[in-house]
Amino acid sequence: MPLPIRIIRLHRGDRQELEAWVRGRTTPQRVVERAKIVLASADGMAGEAICTTVGVSRPTVSLWLNRYEAEGRAALVADRPRSGRPRQLDATEEARIVAKTLNEAPPDSGTHWSTRVMAKETGWDQATISRLWRANGLKPHQVAYFKVSTDPAFVAKLRDVVGLYVNPPKRAVVFSMDEKSQIQAPDRTQPGLPLKKGRAGTFTHDYKRHGTTTLFAALNVRTGDVQHECRPKHKQQDFLAFMTRVERDVAAGLSVHVILDNYATHKTPDVEKWLRRHPRVHFHFTPTSASWLNLVELLFNELSRRKLRRLAVNSVAELIAAITTYLDRRNENPTPFVWTASVRSILAKVRKAKDTLASHH
């Protein structure tokens, strides 16, 4: 049975306000919908036509027309409290669930709690557990990787490297250098789907391997410019060939300071001979298990996120071309990575990590 025509008489000044709500870009959608219902009724539109035009059900039209007649336009904005069981999770119970999450293993012999397992164990619903975890910053499903360096010369190396970042020598160029090895040249087994509204772009989980390459990169700490070269391998001779190129590109009269990790090819007798033949070049090694001190790692992370992670190529040559193009374009307007952590703050975090580890073992 069609809804009869029900003409609402607008209160004085309400039409202008309701029309402003409908036009407003920041008006909540639920308020826009309610204002359209009232305005349509005031303009003499039948109930069925309002349902079709606004895209709502018959009970919804009746509900908001009744509320407007009873309470005016304020009723269109304020939502009434919903019915249902009142919240009963008190502070004591919250503390118990938080402590259980932090200190106890799940009963199903899993490695971590899930909202469903905790809900089943405590008798609360999954949504309640999820809200409680969010409120307390608990994310049992996530894990962060770390390792505290055990290098006996950690402090000395830390001061050396951070000093190059925050107070570099005069008449010197500082490079953060490393190799990103075994970069795959993958090709997806099927074409992916493009990004569209309401759906992420897709690609297959499996891929065809077409070989690998190694990226050598030297990041100029001051300018953000990157010298780079892809090579099939990352042996001692590859490293020295790249270092020779980097050293030659630095203007005469400037010293060259290079920050490196402890990879074996950086410390061979042939490398030491090369350093003696190039006395203006000085190597500075990060502590063991502390690659986060090398700024070029941020560049590799950026390259992986922005280029490599979704890349599909048919050959190593295409992979090298993609890497080269990305870094060349980056060099057109380079942005340096700015080191902000002080030696004191880093040592404080290391001490805290060691104390925490000691208290748990």
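Out of Leu164, Leu193, one residue alone is more than 25 Å from Ile320 (Cβ to Cβ), modelled with pLDDT under 90 and touching a strand residue (DSSP E or B) at 6+ places or on another chain (Cβ under 9 Å). It is Leu193.
Under the condition of being part of a helix (DSSP H, G or I) and small (Gly, Ala, Ser), which residue from the range 249-292 is surrounded by the most Cβ atoms within 10 Å (Cβ to Cβ)? This residue is Ser291. Starting from residues that are within 22 Å of the chain's Cα centre (by Cα) and more than 27 Å from Ala172 (Cα to Cα), keep the ones in the range 313-330 and report whichever is surrounded by the most Cβ atoms within 10 Å (Cβ to Cβ). Applying the filter and picking the extreme gives Ile323. Is there a residue being touching a Leu at 6+ places or on another chain (Cβ under 7 Å), modelled with pLDDT of 90 or more and surrounded by 10 or more Cβ atoms within 10 Å (Cβ to Cβ) anywhere in the range 100-117? Yes, some residue in the range 100-117 is touching a Leu at 6+ places or on another chain (Cβ under 7 Å), modelled with pLDDT of 90 or more and surrounded by 10 or more Cβ atoms within 10 Å (Cβ to Cβ). Is there a residue in the range 114-132 that is in contact with a Gly (Cβ under 9 Å, 6 or more places away or on another chain) and either of a type in the set (A, V, I, L, M) or in a helix (DSSP H, G or I) (or both)? Yes, the conditions are met somewhere in the range 114-132. There is no residue in the range 64-81 that is over 30 Å from Leu39 (Cα atoms), out of contact with any Gly (no Cβ under 7 Å at 6 or more places or on another chain) and either in the same structural domain as Ala42 (by TED's automatic domain parsing) or exposed (fewer than 14 other Cβ atoms within 10 Å of the Cβ) (or both). Taking the criterion of being more than 19 Å from Pro336 (Cβ to Cβ) and among the β-branched types (Val, Ile, Thr), the residues of the range 162-206 that qualify are Ile183, Thr189, Thr202, Thr204.
The values are calculated or read from the model by the stated rules, or taken from the named source; none is laboratory data. All values derive from a computational prediction rather than experimental measurement. Here Cβ is always computed from backbone atoms with ideal geometry, including for glycine, and neighbour counts include all displayed protein chains.
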